[in-house]
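Enquirer: Can you keep this structure in mind? I'll have questions shortly.
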Amino acid sequence: MAEEKMGRRARKKQQTRQEILDAAVQNFAAKGYSKTSIADIMEQADLGTGTFYNYFDSKEDVLRCLLERLVTRVHDALRENKAAGKSQIELLDIACQITAEFLDANRFVLPLFLSAATMTEVREQGENIPTPGFKPVYKSIIEAGQQDGEIRTDIPSDLIAEMFHSIFQAAAFSKLKISFQENVAMKTRLLLDGIRKQN
């Protein structure tokens with residue numbers, strides 16, 4: 001009975017945390033990150049402002065958790081596609097597509113994403129915010145591709161991984177009259193062609 005009660009309590013906590021994250025997404029998307037207050041988020045979630053601090057340390061902590069959603073989404077897709085026998089080049093393309101879709105739908109996450117090439121601490125208004133890294137995700141695929149003979153070995157994997165991360169920054173600041181996702185897709189194709197090992 002006590003175990004069942006603990007299970008219910010854990011589910012309720014998870015549900016409340018999710019409601020706060022969902023409310024944050026709605027507010028960030030509607031008003032922008034900087035103009036959204038914790039009070040705005042909690043009003044949208046229909047919860048008391050004090051409850052926020054039972055789940056998150058700050059508004060920046062919410063943003064980091066949203067970025068972690070992307071990392072999880074990319075990892076899940078890569079695992080599924082790797083099991084389906086996709087090549088390392090195809091996996092890199094898939095990772096870029098998923099990342100572009102997520103960032104396009106959640107533009108307020110973009111500044112933190114651009115700062116998070118590796119697992120680092122990003123300074124945001126005097127606060128250190130740990131951020132999930134993306135470069136290691138790409139680096140591991142690149143290294144596997146180099147071992148499999150799919151990807152050139154004359155260029156260090158770190159440098160190639162850095163180039164993949166920079167695609168999103170270049171697309172975010174592009175003045176071309178094409179969508180963010182299309183911009184990322186074109187840049188990804190060019191980069192994949194450049195790193196592909198020629199027979």
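The values are calculated or read from the model by the stated rules, or taken from the named source; none is laboratory data. Keep in mind the model is a prediction, meaning the values are calculated, not measured. Please note: Cβ atoms are built from the backbone with ideal geometry, for glycine as well, and neighbour counts cover all protein chains shown. What goes into the accessible areas is simple: the full protein's heavy atoms, side chains included, and nothing from ligands, DNA or RNA. Shrake-Rupley method; radii C 1.70, N 1.55, O 1.52, S 1.80 Å.
Enquirer: Scan (1) touching a helix residue (DSSP H, G or I) at 6+ places or on another chain (Cβ under 8 Å); (2) at pLDDT below 90 for the single condition Ala45 breaks and write down its number.
Expert: (2)
Enquirer: Let me ask you something else. Consider only pairs whose beta carbons are under 6 Å apart and that are at least six residues apart or on different chains; among these, list those whose first residue lies in region 163-189 and is more than 11 Å from Asp104 (Cβ to Cβ) and whose second residue is open to solvent by 40 Å² or more (accessible area, probe 1.4 Å) and among the basic types (Lys, Arg).
Expert: Close Cβ pairs (under 6 Å, with a partner that is open to solvent by 40 Å² or more (accessible area, probe 1.4 Å) and among the basic types (Lys, Arg)) amount to Ile167/Lys187.
Enquirer: Sticking with this structure for a sec: Which of the residues that make up region 19-50 are over 19 Å from the mean Cα position of the chain (by Cα), open to solvent by less than 40 Å² (accessible area, probe 1.4 Å) and hydroxyl-bearing (Ser, Thr, Tyr)?
Expert: Thr36
Enquirer: Hey, any hits in region 50-60 for a residue that's out of contact with any Gly (no Cβ under 6 Å at 6 or more places or on another chain) and closer than 21 Å to Phe180 by Cα?
Expert: The answer is no; no qualifying residue exists.
Enquirer: Which pairs do you get when a residue that is more than 13 Å from Phe180 (Cβ to Cβ), found in region 91-110, comes within reach of a residue that is of a type in the set (Phe, Trp, Tyr) and open to solvent by less than 10 Å² (accessible area, probe 1.4 Å), reach meaning Cβ atoms under 6 angstrom, with the pair 6+ apart or on two chains?
Expert: From region 91-110, the pairs are Phe108/Phe28.
Enquirer: Now for a different question. For region 146-173, which positions are assigned to a loop (DSSP other than H, G, I, E, B) and surrounded by 12 or more Cβ atoms within 10 Å (Cβ to Cβ)?
Expert: Glu150, Arg152, Thr153, Ile155, Pro156
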